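Encoded as structure tokens, the structure appears first; notes follow it.
The values are calculated or read from the model by the stated rules, or taken from the named source; none is laboratory data. Not measured: the values here are computed from a predicted model. Here Cβ is always computed from backbone atoms with ideal geometry, including for glycine, and neighbour counts include all displayed protein chains.
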Amino acid sequence: VGGALGYLAKPTEVIKETVTAPAVEKTITVTAPAVEKTVEVPALPLGKGLKFSYIIHGGEENVFWNTVHLGMIEAAKLTGCDAVMVRPKVEGDLAMEIANFEAAIAAKPDGIIVPICYTELLPLVKKATDAGIPVLVSNIDAPNPEDRIKAGGLCYIGQNLRQAGYFMAKTLSKYFPSGTHAMIIIEGPGMVWAEERCAGIVEFLKEYGCTYERLNASTDYAVVESLSSAYLHAHPETGAIFSVGYFGYIAGKVLKDMGVPPGKIPIAVFDLVPPVIDGIKEGYVTIAIDQQPYLQGFLPIIQLVLMKKYALSAWDVNTGNAVVDKTNVAVVEELSKKGYR
């Protein structure tokens, strides 16, 4: 689109004229003629010629990142830029992520997007910044955001992880009384996202007078299933289950196999994937907290394009804590099938 032709008419003017002899007041309306004016509109796409790299920790088996990837691709198509997501073969492979980050810096893209899954990535944020490459942080912020800012990370686009953990626990608490013993599944022990969410969950449980135990697991289905089954059989007093990722749905399957009725032991998970949606429909997952990952892929690209095109600054975005339960799962399921939730 080049120039656009528009018609701007001067607003109708009302002129009040007072005549003194004889004493009569009258109003005269004068309308200005239409004026033709050409308005210049920037030619799209705004991001033509720009290249961005999105370096993540999510392994190829982690379907959560499919929605982030869709957001990134659609933003790239909308703006006309090139964007690539680089992920390790194995979830959380720090050495591979560092290698991918180093390779991205060497390629000198117009911008880099990265989650701070490990604080060891902060020196690379600084290295990229020193090389003149703007870095936006998405999905996972540094535990101390000041460290990210000092390293040069221009903004954070994602969920407030610790607050989200607290919010999840508080939301689920209407399904279990104070003093309940809880099990917390940690799919990424030692990873920033997992530990921050867990810290928020624990903070609320302590306030609510509950006891809890961490179950250090992984993103391997068999591992989560084995650990959950062993724990639940050994601790029948467990009255609530949390997971810092989405693998808590597996605990629901364990409960089902144990003959526990749906809903008797409430379960809260993060993120929407098909098994979680199925768990909600069956009643073995009580709530899921959706961080709206599509936005974590879409918005960083939009921001980088605007920064490059118009010298605008980056800005923080909290992508939210959307609660999904039986009351709204049908609507969300349709969007999930399309890759947006």
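Total residues in segment 124-168 satisfying the condition of being assigned to a strand (DSSP E or B) and more than 22 Å from ALA95 (Cβ to Cβ): the figure is 4. So how many residues does segment 223-263 have that are hydrophobic (A, V, I, L, M, F, W, C) and assigned to a loop (DSSP other than H, G, I, E, B)? Residues in segment 223-263 being hydrophobic (A, V, I, L, M, F, W, C) and assigned to a loop (DSSP other than H, G, I, E, B): 4 in total. The C-beta contact set for segment 84-113 (first residue under 19 Å from ASN62 (Cα atoms), second residue in a loop (DSSP other than H, G, I, E, B) and β-branched (Val, Ile, Thr), distance under 6 angstrom, 6+ apart or interchain) comprises ARG87/ILE56; GLU91/THR219.
Listed by first and then second residue, the pairs linking a residue in segment 235-257 that is at negative phi to a residue that is assigned to a helix (DSSP H, G or I) and among the charged types (D, E, K, R), with Cβ atoms under 7 Å apart and 6 or more places separating them unless they lie on different chains, are VAL244/ARG197; ILE250/GLU225; VAL254/GLU225.
Only one of the listed residues (ALA322, ALA230, ALA234, ALA330) is small (Gly, Ala, Ser), in contact with an Asp or Glu (Cβ under 7 Å, 6 or more places away or on another chain) and surrounded by fewer than 22 Cβ atoms within 10 Å (Cβ to Cβ). That residue is ALA322.
So that you can scan it fast, the table gives a plain yes or no per residue for (1) buried (at least 20 other Cβ atoms within 10 Å of the Cβ); (2) aromatic (Phe, Trp, Tyr); (3) assigned to a helix (DSSP H, G or I); (4) not assigned by TED's automatic domain parsing to the domain that holds ILE250:
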{"position": "PRO275", "(1), (2), (3), (4)": "no, no, yes, no"}
{"position": "ILE280", "(1), (2), (3), (4)": "yes, no, yes, no"}
{"position": "GLN296", "(1), (2), (3), (4)": "yes, no, yes, yes"}
{"position": "PRO300", "(1), (2), (3), (4)": "yes, no, yes, yes"}
{"position": "LEU306", "(1), (2), (3), (4)": "no, no, yes, yes"}
{"position": "SER313", "(1), (2), (3), (4)": "no, no, no, yes"}
{"position": "GLU334", "(1), (2), (3), (4)": "no, no, yes, yes"}
{"position": "ARG341", "(1), (2), (3), (4)": "yes, no, no, yes"}
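Determine, yes or no, whether ILE105 is of a type in the set (Val, Ile, Thr), under 28 Å from TYR221 (Cα atoms) and either at pLDDT 95 or above or assigned by TED's automatic domain parsing to the domain that holds GLY59 (or both). Considered against the rule, which asks whether it is of a type in the set (Val, Ile, Thr), under 28 Å from TYR221 (Cα atoms) and either at pLDDT 95 or above or assigned by TED's automatic domain parsing to the domain that holds GLY59 (or both), ILE105 comes out as no.
When segment 217-269 is limited to residues that are under 26 Å from the mean Cα position of the chain (by Cα) and of a type in the set (Ser, Thr, Tyr), the one that is nearest to SER173 (Cα to Cα) turns out to be SER243.
Among the residues of segment 88-145, those identified as small (Gly, Ala, Ser) and more than 22 Å from the chain's Cα centre (by Cα) are ALA95, ALA99, ALA103, ALA104, ALA106, ALA107, ALA128, ALA131, GLY132. One residue stands out in segment 78-87 among those that are surrounded by 16 or more Cβ atoms within 10 Å (Cβ to Cβ) and in a loop (DSSP other than H, G, I, E, B): the one that is farthest from the chain's Cα centre (by Cα), namely CYS81. Quick one: would you say LYS89 is at pLDDT below 95, at negative phi, in the same structural domain as GLY58 (by TED's automatic domain parsing) and not aliphatic (A, V, I, L, M)? The answer is yes for LYS89.
Quickly run through segment 270-295 and pick out the residues that are modelled with pLDDT under 95 and over 17 Å from the mean Cα position of the chain (by Cα). Result: PRO274, single match. Kindly evaluate ASN216 against the criterion of being surrounded by fewer than 18 Cβ atoms within 10 Å (Cβ to Cβ) and either closer than 26 Å to GLY71 by Cβ or in contact with a Pro (Cβ under 9 Å, 6 or more places away or on another chain) (or both). When the stated conditions are applied, ASN216 passes them. Is it the case that ALA222 is over 16 Å from ALA240 (Cα atoms) and in contact with a Leu (Cβ under 6 Å, 6 or more places away or on another chain)? No.
Farther than 29 Å from TYR246 by Cα and either buried (at least 20 other Cβ atoms within 10 Å of the Cβ) or not assigned by TED's automatic domain parsing to the domain that holds VAL273 (or both), is that true of GLY47? For GLY47, the condition - farther than 29 Å from TYR246 by Cα and either buried (at least 20 other Cβ atoms within 10 Å of the Cβ) or not assigned by TED's automatic domain parsing to the domain that holds VAL273 (or both) - is met.
So ALA128 fits all but one of (1) without any contact (Cβ under 8 Å) to a residue 40 or more places away in the chain; (2) buried (at least 16 other Cβ atoms within 10 Å of the Cβ); (3) out of contact with any strand residue (DSSP E or B) (no Cβ under 7 Å at 6 or more places or on another chain); (4) within 21 Å of GLY297 (Cβ to Cβ); what number is the exception? Of everything listed in (1) without any contact (Cβ under 8 Å) to a residue 40 or more places away in the chain; (2) buried (at least 16 other Cβ atoms within 10 Å of the Cβ); (3) out of contact with any strand residue (DSSP E or B) (no Cβ under 7 Å at 6 or more places or on another chain); (4) within 21 Å of GLY297 (Cβ to Cβ), ALA128 misses just condition (3).
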